Amino acid sequence: QAQAEVDIQKAEVARLEDERERYVIRAPFDGYVTHEHTEVGQWLQPGDPVATIVHLDVVDVTVDVVEDFVGSLRVDTEVRVSVEAVPDRVFTGAISRIVPQADLRGRTFPVKIRLANEQSGDSMLLKAGMFASATLAVGETAPGFFVPKDAIVLGGPVPVLIWLVDPAGSTASMLPVSLGIAHEDMVQVIVPPGAVAAGAKVVTRGNERILFPGQPLQIVN
């Protein structure tokens with residue numbers, strides 16, 4: 001009888017421990033509590049919210065893309081993101097998900113871009129709810145020549161030109177160009193076929209002081 005009583009009490013202890021475990025709510029990840037939905041001593045029903053927690057080591061930026069362009073997007077494509085609250089930075093992320101259901105009012109598709117966050121003081125640099133804008137590549141890919149923006153010379157006898165450095169590095173030749181798209185500190189130059197080869201050197205400093213083709217150059221490191 002004593003052993004039976006012990007077994008009964010052990011079963012009761014196990015039941016109470018199981019019940020206590022069910023009453024303990026654990027966060028599924030490390031994060032920040034942004035809102036508390038309960039008070040101490042409050043009774044909750046199954047499914048009631050307890051707290052809102054955000055995980056900020058990695059953040060998702062959601063942008064709405066019109067249906068004309070969403071078909072050309074691909075997961076894992078690199079995306080440049082700017083955040084109004086951090087104006088001196090440009091963040092690089094990648095498309096993590098393209099939601100296949102459009103918003104019926106705007107006919108736009110949510111596209112999620114994942115970014116790595118950074119520690120800033122005692123919190124994270126990017127915070128939930130910040131406004132961001134993204135630059136997405138939605139056009140067809142095509143080859144082109146890009147030069148530093150400082151290589152472009154505006155005005156003068158030719159509206160837009162660059163100075164090409166000869167292989168020996170002693171003189172420069174003038175090449176009229178048209179401008180295409182810009183990317184960061186580079187700009188596309190549209191030139192006749194065969195006019196310039198990939199890897200050619202261009203003048204980026206002092207080019208506004210070159211007066212004529214073939215003028216001797218002095219390269220200063």
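The values are calculated or read from the model by the stated rules, or taken from the named source; none is laboratory data. What you see is a predicted model, and the numbers here were worked out from it, not measured in a lab. Virtual Cβ from ideal backbone geometry, glycine too; neighbours counted across all protein chains shown. Areas reflect the complete protein model, heavy atoms only, side chains present, ligands, DNA and RNA absent. Shrake-Rupley method; radii C 1.70, N 1.55, O 1.52, S 1.80 Å.
Here is how the numbers come out for the structure above:
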{"quantity": "Listed peptides 181-187, 100-106, 60-66 by packing density, highest first (mean Cβ within 10 Å)", "calculated": "60-66, 181-187, 100-106"}
{"quantity": "Residue among Val33, Val70, Val54 with the largest mean-square fluctuation in a Gaussian network model of the chain, springs linking Cα atoms under 10 Å", "calculated": "Val33"}
{"quantity": "In the range 176-221, trypsin sites (Lys or Arg not before Pro) in a DSSP loop with at most 13 other beta-carbon atoms within 10 Å", "calculated": "Arg205"}
{"quantity": "Order by protection proxy (mean Cβ within 10 Å, highest first), peptides 116-124, 89-97", "calculated": "89-97, 116-124"}
{"quantity": "For the range 122-183, the spread of Cα positions along each principal axis, largest first, Å", "calculated": "55, 33, 25"}
{"quantity": "Span from the the range 173-221 Cα centroid across to the the range 27-73 one, whole angstrom", "calculated": "51"}
{"quantity": "Calculated P(r) of the range 87-133 - Cα pairs past 11 Å, %", "calculated": "76"}
{"quantity": "Per residue accessible area in Å² of the chain, where ligands, DNA and RNA are left out and the probe is 1.4 Å", "calculated": "73"}
{"quantity": "Principal axis dimensions, the chain - Cα atoms, whole angstrom, descending", "calculated": "111, 46, 32"}
{"quantity": "Rounded tilt (10° steps) of 2-23 against the dominant C-alpha axis of the chain", "calculated": "30"}
{"quantity": "Chymotrypsin sites (Phe, Trp or Tyr not before Pro) restricted to DSSP loop in the range 103-174 with at most 10 other C-beta within 10 Å", "calculated": "Phe131"}
{"quantity": "Candidate lysines - alpha carbon under 16 Å from Lys201, same-chain residues fewer than 8 apart omitted", "calculated": "Lys149"}
{"quantity": "Potential extension, Val33-Val13 segment - 0.36 nm per residue separation minus Cα distance", "calculated": "3.9 nm"}
{"quantity": "Fraction of accessible area attributable to carbon and sulfur, the range 1-86 (%, probe 1.4 Å)", "calculated": "52"}
{"quantity": "For Thr135, solvent-accessible area (1.4 Å; no DNA, RNA or ligand), Å²", "calculated": "80"}
